[in-house]
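The values are calculated or read from the model by the stated rules, or taken from the named source; none is laboratory data. Keep in mind that this is a model prediction, so the values were computed, not measured. Cβ atoms come from the backbone with ideal geometry, glycine included; neighbour counts cover every protein chain shown. With ligands, DNA and RNA removed, areas are computed over all heavy atoms of the protein, side chains included. Shrake-Rupley method; radii C 1.70, N 1.55, O 1.52, S 1.80 Å.
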Amino acid sequence: MPSPAATDPQPIHPGRSRIPVLARLTSGLRWDLPASLVVFLVAVPLSLGIAAASGAPVMAGLIAAAVGGIVAGSLGGSPLQVSGPAAGLTVIVAGLIEQFGWPVTCAITVAAGVLQVLLGMAKVGRVALAIAPVVVHAMLAGIGIIIVLQQLHVMLGSETGEAALHNIVALPDSLAALDPQAAFLGAVVIALLAGWKHMPAAVRRVPGPLVAVVAATLLSLPFNSDVDRITFDGSLLDALSLPHLPQGEWTAIAVGVVTIALVASVESLLSAVAVDKMHHGERTNFNRELLGQGAANVTSGMLGGLPVTGVIVRSATNVEAGARTRKSAVLHGIWVLVFSLLLAGVIQQVPQAVLAGLLIMIGIRLVKVADFQTARVTGDLTVYAATLLTVVFVNLLAGVLIGLALAVLLVLWRVVRASIHAEPLGGTAEGRWRVVIDGSCTFLSLPRLSKVLAAVPPAAHVTVELDVDYLDHPVHDTLEAWRVRHVNNGGSVEIEETGTATLHAAQAGTPARGSSRSALRGGFAPWRSWQRNAVPLAAEAAGHVPAPVRSVLNGVDSYHRRHAHLLRPHVQELSTFQDPDTLFITCADSRLVPNLITSSGPGDLFTVRNVGNVVGSDRLEPSVEASLKFALDELSVTSVVVCGHSGCGAMTALLAGPAPDHKASDHKASDHKASDQRPELQEERCPIESWLDHGRPSLESFHAGHPVQVAAEKAGYGAVDQLAMVNVAVQLERLQQHARLQDTVRSGDVHVTGLFYDIATAQVLQITPTGISHLDPLPRADELTPA
């Protein structure tokens, strides 16, 4: 049996259960309530105007505004976005109403909403953002031009035509039959909206469209029946109507459904992206936004409303009015609903010319000069113009499809096309040529590649610089066939592969685009990795250059061809002086490249190199002493770095010798002093042994358990690398005790630090007198464990 505690009713504590719910409901209302009223005042005239421009019942605009606010506001993924009927769909809706009638258009809206819900459930919200923005901008501009051409006739008191071309041709006739009253009212609206941005900020708190519609409507009242006004039968409840299923033309119906779903989705998602940039609160969930927009369109279509989408004008107004949560959008929908139920009669006082003036300004603002300039600067003007003209003079769907096709072709042209050219080196008399292939090289580049290769003279010594991130098999075959033919004709061919795609990979399997920049670019890789089968230099071929220096001269040749022109602008200002930041004391080991591991360039490092990166034992070694004096007094460096490395030969030699003890060290020191006074003894000692004396204090500290040795051993380094790190720490201690550095280090004018380059992992560690620290945020290779 259940225990009494499980069956007895629990006492109700209203303060505990209801207050959190009430707090959530009222949270942010101090900002959201006034913001919702501002958005409501903007939405009403815009919704009426869009319904009129679409040829739909006027109340359909208000139904869509209420549904967009309440349903999309509650369920959508963009908290501050406001949804409702949008100007971007007017042309599509007008065409559907003309072809199928209003009830079937509502059914198409319902089906489009279902499609949006399915897209949201499939989590393709972000995929819709892959549509080229230039196509969307051109589409909106085309819609704006269509709206302006249509509503100009309404404002002039004439009937609007069905097509943009007809409206252009009929414009002189409408001007000839001008209705002065209608034209005056429309001009008043346009003037007020155009000048509203210049009004004081306090005045601009009232939405400009509301002021323009109310003012022009009041001016129209003395005209009585001489002005055409908005008319509808019954109230909002009478305007509610169920959609009708179509009786055929299913292909056209499907096209309409897909068009409304895609255009509404793209416009909503782009608007959500723009809204996210306007505030620092919760970000948009794009899949949820599609679900919310789809639910709103299903609801609006079932009730007899226009299609719904996110509207940037209302959303921007919402953010600027101080909204904090989605409550503002929901409340704006409630205000629209209340207004439509209680004050529908007021709407019938609005002249059609007033709404025409409002729509003309909306259309003009859809054509943004900034979008045109961006398309011109970015090379997308062809896509913009083709999309806009097709939308205006054919239809919206054809315009969008043509724009997308052109945008894709343009991207393919830019991305797939390779830069290919050939040029002689050192004058044609030397017979050396360079062929440069840069970019993505596919079979589409074969005509250009074949033309360039054919221009290379027979028997020339050719270097092919293959700096590509994609290369397919046809290109491989073309290059190989040309190489064989050229060599057979007495020439020579060297192929330098400095990109992420290689000829071998193109032949071995499915080609793939390289995912990172080549490690060979900029001198990262040793000669042996790229100087295979190098073409002999002209001087070497003539017998003026010994073969052993061929690697150096080939490297110089590659530098002149590939890098000198890139470096020249940076070194021209350094031609008469140097101003380095750092004195860099490091080992002479060929595997350690200071500029490479510090990402520095000419003029950054004043480098001193010796065996074992030592500064001296009892006193600074003379070359280091001179360099330190010059760096501090003449160059005013702000940092001194001592850099060691793994696998150091000097440290290996120190460890291979006898373990030091204080007596032996004193004896060696006295012998060393004696050798300074007796040249015959100095000659008996090996120069390497004499130099290694500078490192013996480091060896003593290593055997004594220096903190750096302990830390290095704990990190898994071997004895040689432990000693190399201790050596860096000991050299740092000697530098910090130097008379020239003590005061500047203490004052902070000069900083002294140690580095250690781990050759095996290509990572750099920081060394201090007391320990080591990793500078690479990525894990070491030996720290990675299988998942």
For segment 707-764, the dipole about the Cα centre with charges only on Cβ (Lys and Arg +1, Asp and Glu -1), to the nearest 20 debye, works out at 120 debye
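Among 556-566, 266-276, 602-612, 721-731, what's the highest-first ranking by average C-beta atoms within 10 angstrom per residue?
Values: 556-566: 14.1, 266-276: 22.4, 602-612: 17.7, 721-731: 28.1.
The packing order, highest mean first, is 721-731, 266-276, 602-612, 556-566.
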Any idea of Trp196's accessible area? Nearest 10 Å², probe 1.4 Å.
40 Å²
Looking at segment 120-230 from every direction and averaging, what is the projected area of its Cα convex hull in nm²?
11.2 nm²
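When ligands, DNA and RNA are left out and all protein chains stay put, how many square angstrom of accessible area per residue does segment 373-468 have with a 1.4 Å probe? It would help to have the intermediate numbers written out before the result.
Details: 4730 Å² over 96 residues.
In whole numbers, segment 373-468 has 49 Å² accessible per residue.
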Listed peptides 631-637, 645-651 by packing density, highest first (mean Cβ within 10 Å)
645-651, 631-637
Accessible area (Å², per residue) of segment 148-208, counting only protein heavy atoms and a probe of 1.4 Å
56 Å²
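In Å², what does the accessible area per residue of segment 241-331 work out to with a 1.4 Å probe?
Working: 3750 Å² over 91 residues.
Value for segment 241-331: 41 Å² per residue.
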Cα gyration tensor category, rounded, prolate or oblate, for segment 287-343 with a/c compared to 1.5:
oblate
Put +1 on the Cβ of every Lys and Arg and -1 on every Asp and Glu Cβ in segment 157-275; which of Ala202, Ser158, Pro243 then has its Cα farthest towards the positive end of the dipole?
Ala202
